[in-house]
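Taking it in order: structure first as C-alpha cells, then the write-up.
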C-alpha cells in the first residue's frame, strides 16, 4: 500500500478505518458503549484517540502509530505558551470550511514595543487582557501579546520582556530579526514557550539554534517569496526544528493580491498536494497596514481591520495586530468566532414555546423567529437581564424577523397557529403578546386573527428589559 | 499519457459521480430536512478533481545540520475545472473559471461590481448612512443620481418598498413611473427591488418589465414562493419578452437554488439569471452565507450547471447587526466607523467567497470595496522591501 492509499483524505475517513485498528474489545474504558461508537466519535473529532486506554499499551504500539498517522491533520498543530495559558494554532484538517469544521480559532496577538513608555506598555497589555464582548451569550476575547524590539538592543528587550511577563500570563510572540536580542528575550521567558518571530534568509541558523535550545516554535518569514519560504522550511526541518509557523508576508494596498494568493497557494499545497514543507500554520500581520503610510490613524486602523478578516477567511492561523480600538477588534473577533463554528449547525432552531426563569400567569409573552442567530440573540438578552418570561418561537424557516415579515414567512396566521399549539393560553391569564419592532406592521392582523392584544417591542432585543420596565404589566383598557 | 489527457479523464469521471451525489441528497432532503446541512458538507470535494499530486517525500532524519539554505522550488498548485460561471451582461458580471481571486490559476473574467441601494420612499436608516443621503430621501431619481455621481455606484438598485400592501400599496403603474424617472436620471444598469410580497411583486415586475423594455434591468427578486403561488411563469415571461434579467432568491439552501433555476430555465435564457443565495450580517449568520457561496462556486466549477450563475449579495443586510448601529459605550466608539466597517467586512469576506455583485450602501464601505477589488485584480505589485523590517518600524 502506498502512503497515499493509507492516508485517506479526512473526508473519506470512515469509522471502520479507525475501528479496524482499535483493540475491538468493547471494554468501555473510554466511556463509550463499544469500540465502533468510539471510532465514530474519533472520526468526527469529538474525542481523541488517546481516550482509549488499551491503545496506549505496548501491545498496540503499531496500531496506535497508524491511527496517529491516518488522523493527522493536514496542517500541523503548534502549541504556543504552556499549561492553562497555552494556545494551539493550525491543526486544520481541510482547506474549505464546508468540508469539515475548522479547528483552533485564529488567536489575535496585540503588539507592544520595547520602546513604549512603561505606563503605556502596561496599560496596553491590561487592555488586551480585559478585552471582552458578550456575543450571543458567549464571551469573545483577545489572546496574545506580541513584543517587538524596535530598540534592537538586547538589554532593553530583556528588561521589557520581564515587565510584560510579570504583567500577563497570555502567550507571547517575541519579534526581532536580531538573534542576540531574541536570546535576551528568550532567557527571560523560556518557561513560557513563546513563539519566535522570525527566522529569515539571513539569520535562520542562529534562530534555529535558539528554537532548539529553548524548545520554542519558530516562525519562518519570507515576504512574498514562496520559493524562499519552502527552502527555509526544508532547511530548518533538516536542521531539526519541527515546530514551524509560516509567514509569507502581509502586504496591504497594492500587495494585497499577492498576499491573498500566497496564503491560498500555501494552504492548497499543504491540504491538497501533500506538500509537507508548507504543512504548517500561517501567520498574518495586518499590523503592516501601519507601516510606511502617511494617513490619518483611523484610515490605517480601518485597513488593518478589513485585512484581518480577509486573512482569516484565507487561512491565517494567527494574527498580529496593532490597533486595540473596539470598532477594529469587534468585527475581527466576531468573524473569527463565526467561521470556527460547525458548518453543520442548523440555521434554524426548533419552534415552539421557551420558558425563561420562573414565569407565572402574569409574566410577559414575547415572540421571535426560529432563525438561529435571531433566537440566540434574543435568548442571550433575556438571560443576561434575568427576565421571567415566555418566548414564542415561530417557524419562519430559519429566516430573520425583517426578511421573514417581508417574505411572508412570519404572518398573523403562523403566529395564531404557534400560539394555539404552544398551550400558552393555559399558562398565562393575560392576552398580551409582545412582537419584535421589525414586525410592527403585522400588529393589526395578529390582533384580528388571534384576539390577543399586541404590544410592539423594540427593533432590537437589547431593548426588551427597558420595554418591560416601562410597559409591563400593560394597562387594561 | 500526457498530463492534459489524464486530467480530461479525471474530469469525465467526476460528473456522473457528482450527479449521483446530488441525486442522493435530494432524496435525503425529502425525508428529513434537518439531515441535509450535515450531509451537504460532503457535496463537492475539490480534492476529487485533483490529479495525483507529485509526491513530496518526507525528509530523512537529519544527519548533518545544513550550513546553507537548501534550495527548494515552489510550484503553484494549479487545477483545472470542468465548469465555469456564465456571464450575464449588465455591466458584464460573472464568468469565473476559478475560485475567487485565485490569480495564480485564472484571474476573474470581470471585476465584481457594486450596486447602491436607493428607496422609493423615506425609510428608517441608521444614522451613519442617513447623514449621507438625507437631502435626497424623498426623491428617488435624485438619490440614484447621488449614488452614481458622488459615491461611484456602477449600478443602482431601486427598492420599491412603498408597493408593500402593508405600507403604501403603491400601484404597479406608479411604481413603474419611479423606475422611468430613475432611468432618465442615471446611465447605469438598474436593479428593481420589490417589497417581498410575492403577488404584489409579480404585478409590479410585469409592469416595470414593459415600461423598461430593452433596458435590461434586474428584477429582484423571483422566488419559489412565486412558483408556489403560480405567478412565476408570468413574471419570467415578462422578463424574457422585454429583455430583462432576474434575480433568483433562495434562503441559504443550494437545493432550492437549483430548483428555482430549473423553473426559470423553462422561460429564460441561462444568461439572464443571477442568484441571490442570501446574505446574513456579520455576527448574524455571515458564516452560513460565506460557506454556501464557496460551496456553490466550487460546485459550479466542478460542473454543476444549475449553479453556474453569477451571484449577488445583499450586503446592506449587514446593518441588521446591532453592532453596526447600537450605542455600545465608549470602548466601541465611534459608531460612524463601526457601522461602515461592519458592511465592509461583510462585503470583503463574501468577495473572497466568490460573490460577483454587491448591493451596498455606506459610501466608505463602497469606496473600500472598489479599491480592494482594483488591488485584487492584479498581482506582481507587492513591494516586499516595504515590510522586510516591519518588526523594528516605529508606528
Expressed in nanometres to one decimal, the distance between label points 7 Å along Cα→Cβ at residue A:353 and residue A:34 is 4.2
Rounded if a/c is under 1.5, else prolate if a/b is larger than b/c, else oblate: which is the range A:3-71, with a ≥ b ≥ c the root eigenvalues of its Cα gyration tensor?
-> oblate
Post the alpha-carbon centroid distance, the range B:172-205 to the range A:317-355, in whole angstrom.
-> 36
Summarise the long-distance tail of P(r) for the range A:352-471 by giving the % of C-alpha pairs beyond 19 Å.
-> 39
With label points built 7 Å along Cα→Cβ from the Cα atoms of residue A:421 and residue B:241, find their separation and express it in nm.
-> 4.1
Where does each of B:233, B:225 land when they are ranked from fewest to most other beta-carbon atoms within 10 angstrom?
-> B:233, B:225
What's the FRET efficiency of residue B:305 with residue B:371 using the Cβ-Cβ distance as r and R₀ = 41 Å, to the nearest 0.05?
-> 0.75
Going by alpha carbons, how many degrees (0 to 90, nearest 10) lie between the helix axis of A:256-272 and the longest principal axis of chain A?
-> 80
Normalised alpha carbon radius of gyration of the range A:297-353 [divisor 2.2 N^0.38 Å] = 1.45
Distance between Cα centroids, the range A:274-292 to the range A:15-87: provide it in whole Å.
-> 30
How many angstrom lie between the C-alpha centres of the range A:249-268 and the range B:291-335?
-> 21
In angstroms, what radius of gyration and Dmax does the range A:47-136 have, counting Cα atoms only?
-> 19.5, 59
Which angle between 0 and 90 degrees, to the nearest 10, do you get for helix A:204-214 versus the longest principal axis of chain A when only C-alpha atoms count?
-> 70
Work out Dmax and Rg for the range A:272-399 from the C-alpha atoms and quote the Rg first, both in angstrom.
-> 21.1, 66
Taking the simple approach of a point 7 Å from Cα along Cα-to-Cβ for both residue A:162 and residue A:14, what is their distance in nm?
-> 6.3
If one takes the longest principal axis of the Cα atoms in chain A, at what angle in degrees, from 0 to 90 and to the nearest 10, does the Cα axis of helix A:61-71 lie?
-> 60
Alpha carbon Rg of the range B:81-213, scaled by the compact-globule rule 2.2 N^0.38 Å | 1.22
Compute the length gained on full extension between residue A:56 and residue A:82: take 0.36 nm times their separation in residues and subtract their Cα-Cα distance, giving the result in nm to one decimal.
-> 7.0 nm
The protein assembly as shown: percent of C-alpha pairs farther apart than 40 Å?
-> 42
Normalised per residue, the volume of the convex hull around the Cα set of chain A (Å³) | 198
Dimensions (Å) - the range A:77-339, Cα atoms, principal axes, largest first | 48, 45, 40
Kindly list the residues of the range A:121-154 that lie in the label zone of residue A:340, defined by a backbone N under 13 Å from the point 7 Å along the Cα-to-C-beta vector.
-> A:139-144
How do A:211, A:159 line up, fewest other C-beta atoms within 10 Å first?
-> A:159, A:211
Based on other C-beta atoms within 10 Å, arrange A:118, A:358 from fewest to most.
-> A:358, A:118
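Between residue A:155 and residue A:384, how high is the FRET efficiency from 1/(1 + (r/R0)^6) when r is the Cβ-Cβ distance and R₀ = 51 Å? Nearest 0.05.
0.60
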Please report, in cubic angstrom per residue, the volume enclosed by the convex hull of the alpha-carbon atoms of the range B:87-376.
-> 120
Full-extension gain in nm, residue A:119 to residue A:254, via 0.36 nm per residue minus C-alpha separation | 45.0 nm
Residues in the range B:148-163 near a label at residue B:138, defined as backbone nitrogen under 20 Å from the 7 Å Cα→Cβ point?
-> B:159-163
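From the square roots a ≥ b ≥ c of the eigenvalues of the alpha-carbon gyration tensor of the range B:278-395, which class results: rounded (a/c under 1.5), prolate (a/b over b/c), or oblate?
On the way: a/c = 2.22, a/b = 1.14, b/c = 1.94.
Oblate, since a/c reaches 1.5 and b/c is not below a/b.
No lab work stands behind these numbers, since they all come straight from the coordinates. No experiment lies behind these values; they were computed from the predicted model shown. Cβ atoms come from the backbone with ideal geometry, glycine included; neighbour counts cover every protein chain shown.
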